[in-house]
Amino acid sequence: MTIETDRLRERVAAELLRTRDRTALLTEAVDDGDLIRQHSPLMSPLVWDLAHVGSQEELWLVRDVGGRDPLRPDIDELYDAFKHARRDRVALPLLTPAEARRYVAEVRDKALDVLDRARIDGGRRLVTDGFAFGMIIQHEQQHAETMLATHQLRVGAPVLTAPEPPAAPSFVGGEVLVPGGPFTMGTDTEPWALDNERPAHQVQVPAFHIDRAAVTNAEYAAFIDAGGYDDPRWWSAAGWEHRQTAGLVAPAHWQRDGDGWVATTFGRTAPVVREEPVVHVCFWEAEAYAKWAGKRLPTEAEWEKAARWDPATGRSRRFPWGDETPEPRHANLGQQHLRPAPAGAYPAGASPLGVHQLIGDVWEWTSSDFHGYPGFSAFPYREYSEVFFGPDYKVLRGGSFGTDHNAARGTFRNWDYPIRRQIFSGFRLARTA
Ligand code: AVJ
Ligand code: FE
């Protein structure tokens with residue numbers, strides 16, 4: 001065993017533990033009634049997410065990598081996300097909270113045993129650089145964000161607490177020019193990058209301007225006050241149709257309070273903070289705002305160039321600030337704060353061109369549909385991303401305050417339907433130079 005392999009093993013074990021702590025916190029903060037309840041038809045009951053995390057870990061680490069016998073083959077079907085829609089999961093004969101906790105703990109014991117004995121440094125592509133473990137760690141982290149979104153939809157006394165995000169030393173606004181020219185999008189070298197982030201490929205991105213910060217609550221409120229929700233000029237046909245049928249009048253969780261707005265966040269109602277990025281808006285709202293403002297959403301390639309392209313070397317970095325793994329000073333990630341931070345709060349995380357908070361705070365809608373990059377090949381299974389390719393999904397970039405730092409990077413791609421706003425979604429503006 002080489003030292004590098006031992007280090008990788010230690011890192012994987014530490015990440016598995018750290019990730020499970022968050023899952024435990026999100027599922028222990030509420031009582032059993034809240035774990036089995038459907039808080040929204042858009043979301044699974046929390047107890048489904050919990051056992052599903054264990055089920056995926058059993059499938060990929062215990063059975064596939066470890067070659068061990070199944071623990072609970074009888075429940076595979078219940079926790080297969082493709083077999084039952086989220087809205088139907090509450091009616092399934094799910095494991096009880098106590099059973100689900102026992103199940104995920106048993107799976108974890110076996111997975112750690114596999115980690116001790118498995119060759120994780122190569123041989124099969126699935127285990128090179130511990131990829132299967134990284135995939136399962138990121139999977140659980142993605143569900144931690146999904147569970148956080150479920151918490152946001154839960155009605156009742158607050159159960160989650162976290163310190164306030166940092167204040168901005170100075171407010172950041174305006175835009176920067178990103179020069180035209182080639183840039184390398186996607187990655188071949190990021191060891192735990194998922195299939196849809198690969199392969200690295202050159203794209204020609206014409207010069208564009210991009211805002212230094214995401215659109216703030218104050219800016220978004222001005223759009224509402226200007227009658228933006230009542231003026232079809234700003235909306236695409238599909239967007240206007242949705243605005244009408246869904247009766248959209250403001251971001252989700254906002255309520256009028258005199259001339260201003262209050263928002264309910266994890267059970268607490270407070271005035272909307274003017275300098276924070278707007279969150280819980282759908283793609284159609286983002287698009288309408290952009291048109292009203294005389295700009296547009298960035299394409300996915302523009303977003304990634306703004307986030308990764310180093311003008312000094314022409315190289316693509318892992319993160320806006322460089323190649324260094326995210327630290328709390330770089331970005332608002334990992335549920336350390338339960339809200340986005342004001343524009344300018346993370347100067348250490350800015351890009352060389354001065355674009356702030358591309359990573360963390362809020363997922364940013366792009367104008368791009370979710371497609372495979374040229375040369376895409378599904379790995380390890382088509383259901384991770386390939387089955388979602390097409391015009392139905394829009395790409396979001398950057399991660400939110402609810403995203404683990406391990407599942408947020410310059411190449412990471414998220415996707416959702418353009419009507420969705422239960423996710424921690426905001427946006428920033430761009431325009432062609
Ligand atoms: C990448 C957030 C769109 O939640 O559907 C979780 C992540 N994939 N389990 C999703 C995922 C399988 C995925 N998103
Ligand atoms: Fe999943």
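Where a number appears in this text, it was derived from the coordinates with a stated rule and is not lab data. All figures in this text were calculated on a predicted structure; none of them were measured in a lab. Please note: Cβ atoms are built from the backbone with ideal geometry, for glycine as well, and neighbour counts cover all protein chains shown.
Computed values, structure above
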quantity: Where labels lie 7 Å past Cα in the beta-carbon direction, separation of Val159 and Ala207 in nm; calculated: 5.4
quantity: Estimated FRET transfer efficiency (Thr128, Asp21; beta-carbon r; R0 41 Å; 0.05); calculated: 0.90
quantity: Amide hydrogen neighbours beyond the local backbone of Arg428, cut-off 5 Å, H modeled; calculated: Val215, Trp365
quantity: Förster radius 30 Å - calculated FRET efficiency between Glu324 and Arg117, Cβ distance, rounded to 0.05; calculated: 0.40
quantity: Cα→Cβ-extended label distance, 7 Å offset, between Ala167 and Asp31, nm; calculated: 4.0
quantity: Restricting the range 106-184 to chymotrypsin sites (Phe, Trp or Tyr not before Pro) in coil, as DSSP defines it, with at most 14 other Cβ within 10 Å; calculated: Phe171
quantity: Ranked Glu99, Glu58, criterion: other C-beta atoms within 10 Å, fewest first; calculated: Glu99, Glu58
quantity: Estimated vicinal HN-Hα couplings, Hz - the range 64-79 in sequence order (Karplus 6.51, -1.76, 1.60; Gly, Pro = x); calculated: 6, 5, x, x, 8, 5, x, 7, 9, x, 5, 9, 3, 5, 4, 9
quantity: The chain: Rg to Rh, with Rh as the Kirkwood radius over Cα pairs; calculated: 0.96
quantity: Whole-Hz couplings from phi, Karplus 6.51/-1.76/1.60, listed for the range 102-111; x for Gly and Pro; calculated: 5, 4, 5, 5, 5, 4, 4, 4, 5, 5
quantity: For Arg268, residues with placed amide H under 5 Å, excluding near neighbours; calculated: none
quantity: Number of Lys pairs (Cα under 28 Å; 8 or more positions apart or on different chains) in the chain; calculated: 7
quantity: Rounded to the nearest 20 debye, dipole of the range 3-153 from Cβ charges on Lys, Arg, Asp, Glu; calculated: 240
quantity: The range 3-153: translational diffusion in µm²/s, Stokes-Einstein, Kirkwood Rh over Cα pairs, 20 °C, 1.002 mPa s; calculated: 136
quantity: Given charges at beta-carbon only (K, R positive; D, E negative), |dipole| of the range 163-433 in Debye; calculated: 240
quantity: For Ser236, distant residues with modelled amide H under 5 Å away; calculated: none
quantity: Pairs of alpha carbons in the range 140-229 whose separation is greater than 22 Å (percent); calculated: 66
quantity: Compactness relative to 2.2 N^0.38 Å, alpha carbon Rg of the range 323-433; calculated: 1.12
quantity: Model label zone, Leu42; criterion: amide N under 17 Å from point 7 Å along Cα-to-beta-carbon; scope the range 269-305; calculated: 278-288
quantity: Listed residues Ser236, Ala98, Gln138: farthest to the positive end of the dipole of the chain (Cβ charges); calculated: Ser236
quantity: Computed helical MRE - 222 nm, the chain, DSSP H runs ≥ 4 contributing -39500 (n - 2.57), nearest 500; calculated: -9500 deg cm²/dmol
quantity: Extension gain (nm, one decimal) between Ala246 and Asp88, 0.36 nm per residue minus Cα-Cα; calculated: 54.7 nm
quantity: Phi-based couplings in Hz for the range 313-330 (Karplus 6.51, -1.76, 1.60; Gly and Pro marked x); calculated: 10, x, 8, 8, 8, 6, 9, x, 8, x, 9, 6, 3, x, 10, x, 6, 7
quantity: Contour minus Cα-Cα distance for Ala237 and Ala13 (0.36 nm per residue); calculated: 75.7 nm
quantity: Share antiparallel - DSSP beta bridges, the chain, percent rounded to 5; calculated: 95
quantity: Coil-residue GluC sites (Glu not before Pro) of the range 363-406, DSSP, other Cβ within 10 Å capped at 13; calculated: Glu383
quantity: Alpha carbon centroid spacing (whole Å) that separates the range 244-265 from the range 118-170; calculated: 29
quantity: Contour minus Cα-Cα distance for Gln336 and Arg382 (0.36 nm per residue); calculated: 13.3 nm
quantity: Protection proxy ranking, peptides 345-353, 259-267, average beta carbon neighbours within 10 Å, highest first; calculated: 345-353, 259-267
quantity: Label point distance in nm, Ala226-Ala312, each placed 7 Å from Cα along Cα→Cβ; calculated: 3.8
quantity: Sequence of Glu57, Glu304, Glu106 once ranked by neighbouring C-beta atoms within 10 Å, starting from the fewest; calculated: Glu106, Glu57, Glu304
